[in-house]
Structure formats: structure tokens, C-alpha cells
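The values are calculated or read from the model by the stated rules, or taken from the named source; none is laboratory data. Here the structure is a predicted model, which is why all the values come from computation and not from measurement. Glycine gets a Cβ as well: all are built from the backbone with ideal geometry, and neighbour counts include every protein chain shown. All accessible areas refer to the heavy atoms of the entire protein, side chains included, with ligands and DNA or RNA removed. Shrake-Rupley method; radii C 1.70, N 1.55, O 1.52, S 1.80 Å.
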Amino acid sequence: MDYYAVTVQKLIEEFRKMPGVGSKSAQRMAFYVLGLSEEKATNLITAIADAKQKVGYCSVCCNLTDEEPCRICKDDKRDKSVICVVESPADVVAMEKTGEFKGLYHVLHGVISPMDGVKPDDIKIKELVTRLADGRVKEVIIATNPNIEGEATGSYIARLILPFDIKVTRIAKGIPIGGDIEYADEVTLTRAMETRTKI
Ligand code: ZN
């Protein structure tokens, strides 16, 4: 039985594709959009179109940005000798919220996962190694999530960096095993950064 008009059904299906959105939420979002005034709906459409058009990856750290390079890479006050390697742009936001880390980032956009067919070349590892070539970086902090893929990706990167004269550390205590950096609170994340260990 068809509960919705075809166009409404299509809208619900699009929302349903978003991470963490189930059919109930997708329906709620679709009805919300349909209830918007013409102006508000246009604002939403423009925001999506603008973001898609103007936001891309920073050529240095691969974080999402609408300027080139991104604000963090451009900032002269940041310590350019330290790079914190994270899985996603959301992890950069989480780290920045702690206000503790003053170095630069490198966003991998995923982790190596043979199960899901994700190979080292599918994420931004090559770009990281390229950044290390000029010898300015003294430490690379691996801040991938503490699960199997995150650990394996960290070890893989550590092996790649071995030929360089660079200290490689891994954030340690504080982040629960199986937890997500994105969801860690600021105190936990700060402690994890302070107690990072050499790998
Ligand atoms: Zn950048």
C-alpha cells in the first residue's frame, strides 16, 4: 500500500540515506520541509547548493574548507612541526573544541578496512607522507578511533613514517575502546592528548 504521494516518498527516501536517520526521522524531516514557506525552503536549498559548490578539501590537510588553504593551515600561530592525524572533519572539530592542540591536522577521510574494501590508497595517506618530505614536521600524533580499523590504520601510518626522523605518537588513555573521537567530551579528549604514547 502506498502511504505517500510519489514525490513525498522520494523526499523521504533521500533523507533516509543520511547517517543515523531512520524511516521515522526521515518522514519527520520530509514533512518539515513540506511545511516550510517558499522563502525558507529556498534558503535550505541554497545552503546545500552553496556548501556543495564552495566547500572542498584543503590541499594541505584535506579538511573541509571554503578557502585555500584552510584557516588552520593558514594560521601563523599554529605549530607547524606537529600534525595530528584524524579520520574525519568531525574529529578536527572535536579536537579544536578542547582548545589544547595548537598544531596542524591531517584528515584521512576514512580508515583502512579490508572488510569494506578500503585500501590505503582510498584514504588520504599519500597526502600525509608528501607533507612530511620537507623535514619541518617533528611529530605525528595518530588520533584515529580506538577500534580495530583505527588501530590498524595507525600502525600502517607509523610504519610508513619510520624512514623519516619523526616521532610518532598515539593518543592513549581517555578514549573508550570502541568509542568515537567525535563523541568524546573535551576533558576526555584533552587527557587522551596529554597521555599520548610513542608507537
Ligand atoms: Zn588545511
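Here are a few things to note about the model shown:
- Of K77/K138; K126/K167; K102/K138; K80/K102; K52/K102; K77/K124, pairs whose Cα-Cα distance is over 20 Å: K52/K102; K77/K124
- Acute angle (nearest 10 degrees) that the helix 89-98 long axis makes with the longest principal axis of the chain, alpha-carbon atoms: 70 degrees
- Segment 55-199 - Rg over Rh from alpha carbon coordinates, Kirkwood radius: 0.93
- Near the amide H of Y105, within less than 5 Å, lie the amide hydrogens of C84, all on another chain or at least 5 residues away, with H placed in the peptide plane.
- For segment 179-184, Karplus couplings with θ = phi - 60° (6.51, -1.76, 1.60), whole Hz, Gly/Pro x: x, 10, 4, 4, 9, 6
- Carbon plus sulfur fraction of accessible area for the chain, probe 1.4 Å, in percent: 56 percent
- Unit Cα scatterers, Debye sum, segment 70-146: log10 I(q)/I(0) for q = 0.14, 0.17, 0.25 Å⁻¹: -0.46, -0.67, -1.29
- A protection proxy built from the mean count of other Cβ atoms within 10 Å ranks the segments 26-37, 77-88, most packed first, as 77-88, 26-37.
- Rolling a 1.4 Å probe across the protein heavy atoms gives the chain an accessible surface of 62 Å² per residue.
- Within a straight-line Cα-Cα reach of under 17 Å, K119 cannot be paired with any lysines, leaving aside sequence neighbours fewer than 8 residues apart in one chain.
- With K and R counted +1 and D and E -1, the other residues having a Cβ less than 9 Å from that of K198 yield a net charge of +3.
- Nearest 10 degrees, 0 to 90: helix 148-161 Cα axis against the chain principal axis: 40 degrees
- Remark on I142: its backbone amide H falls under 5 Å from those of V85, T169, R170, I171, a criterion applied only to residues 5 or more positions apart or on other chains, H modelled at 1.01 Å from N.
- Net charge in the neighbourhood of T46 (other residues with Cβ under 14 Å of its Cβ; Lys, Arg +1, Asp, Glu -1) is 0.
- DSSP beta bridges confined to the chain are antiparallel in about 30 percent of cases.
- Straight Cα distances below 15 angstrom link K54 to the aspartates and glutamates D66, E67, E68, with same-chain residues fewer than 8 positions distant left out.
- Divide the volume of the convex hull around the Cα atoms of segment 1-111 by the residue count and you get 150 Å³ per residue.
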